[in-house]
Amino acid sequence: MFTGIIRDIGEITDVNSSNGDLNITIKTNLKLNKIDIGDSICCGGICLTVLSIEKNIFSVELSKETLFVTAAKFWKKGTKINLEKSLLLGDQIGGHLVSGHVDSTAELKTKKHIKGSVKYDFKVPKDIQVYIAKKGSISIDGVSLTINEINKSIFTVNVISHTFKNTTLGQLKLNEIVNIEIDTIARYSVNAAKYYLKEK
């Protein structure tokens, strides 16, 4: 489990898909001496298992299913990704609870600087729209954000200057694809309502 508060921007140093899955190595400033093989790190919004550690570089593997539903299929050597270590009991939750289980991808449609922040409009698939609520939470490439506006398949978020500078969101270009994870509360609330209406 994670919070959506990014602790580092890592850089992919190697990509290998020879075995069918995607094996990548990531260079980071995170303190890896406190991470063991088998631990989880949120990489670009995706919960991945650490397979090896060497100094400031760790490796992970992404399955075909993960590649199919996430923007990781576009990752390559040199790609920058947001990183966050998993929560420990008693840790402060500064954002919202993020599982690292990406639901879908979204496309950046507009990006506009407004005073000290940046306004982003993202387009999501129809099957995700029902889970997106105004003033609700959403994870974009692992970053916890609040949804400000919704217009059919478009939702809007505002990114403050600190987040803009210290996550990959500041580097996003128009039409770029990002990973999104809907809020857990919204997921269970909508699914419970659907089940209730079906039973009636």
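Derivation of every value follows stated rules applied to the coordinates shown; laboratory data play no part. It should be emphasised that the depicted structure is a prediction, and the values quoted were computed from it without experimental measurement. All Cβ positions, even for glycine, are placed from backbone atoms using ideal geometry, and neighbour counts span all protein chains on display.
Quick check: residue separation of Glu61 and Glu11 times 0.36 nm, minus the Cα distance between them. What number comes out in nm?
16.5 nm
Among Lys111/Lys152; Lys77/Lys123; Lys85/Lys126; Lys31/Lys173; Lys34/Lys165, which pairs are too far apart, with a Cα-Cα distance over 23 Å?
Too far apart for the 23 Å limit: Lys77/Lys123; Lys85/Lys126; Lys31/Lys173; Lys34/Lys165.
What does the net charge come to around Gly10 if you take all other residues with beta carbon closer than 9 Å to its beta carbon, with K and R at +1 and D and E at -1?
Working: positive: Lys27, Lys80; negative: Asp8, Glu11.
Residues near Gly10 contribute 0 overall.
If you average 1/r across every pair of different Cα atoms in the range 8-85 and take the reciprocal, what Kirkwood value do you get, in Å?
12.3
Take His101, His113, His96 and order them by how many other Cβ atoms sit within 10 Å, fewest up front.
Ranked by crowding around the Cβ, least crowded first: His113, His101, His96.
Which net charge results for the neighbourhood of Arg187, defined as the other residues with beta-carbon distances under 13 angstrom from its beta-carbon, given Lys and Arg at +1 and Asp and Glu at -1?
Result for the neighbourhood of Arg187: -3.
Working from Cα positions, state the angle (0 to 90°, nearest 10) between the long axis of helix 184-199 and the longest principal axis of the chain.
Taking Cα atoms only, the helix is inclined about 50 degrees.
Over the chain, calculate the relative contact order: mean separation of alpha carbon pairs under 8 Å at least 6 apart, over the residue count, as a percent.
Here the relative contact order equals 24 percent.
Could you list Arg187, Arg7 in order of exposure, starting from the residue whose Cβ has the fewest other Cβ atoms within 10 Å?
Taking fewest neighbouring Cβ atoms as first place, the list is Arg187, Arg7.
Just need the relative contact order of the range 8-85 here, percent rounded to a whole number, with Cα pairs under 8 Å and 6+ apart.
Working: 147 pairs, mean separation 30.8, N = 78.
The value is 39 percent.
Name the residues of the range 51-93 whose amide N is less than 17 Å from a point 7 angstrom out from the Cα of Thr184 along the C-beta direction?
84-93
Rounded to whole Å and sorted largest first, list the principal axis extents of the Cα atoms in the range 104-199.
Result for the range 104-199: principal-axis Cα extents of 48, 22, 20 Å.
Below 12 angstrom from the Cβ of Asp141, what's the summed charge of the other residues (Lys, Arg +1; Asp, Glu -1)?
Net charge in that neighbourhood comes out at -2.
Taking amide hydrogens as modeled 1.01 Å from N in the peptide plane, which residues meet the under 5 Å criterion relative to Ser86, leaving out close sequence neighbours?
Answer set, sorted by chain and number: Ser40, Cys42.
Who wins for biggest fluctuation among Ser144, Ser63, Ser104 in a Gaussian network model of the chain, springs between alpha carbons below 10 Å?
Sorting by GNM fluctuation, first place goes to Ser63.
Ordered by residue, what ³J(HN,Hα) values in Hz, to whole numbers, does the range 27-40 give under the Karplus form 6.51 cos²θ - 1.76 cosθ + 1.60, where θ = phi - 60° and Gly and Pro are x?
8, 8, 9, 4, 7, 6, 5, 9, 10, 9, 4, x, 6, 9
At a 10 Å Cβ-Cβ cut-off, how would you order Thr184, Thr49, fewest neighbours first?
Ordered from fewest to most neighbouring Cβ atoms within 10 Å, Thr184, Thr49 come out as Thr49, Thr184.
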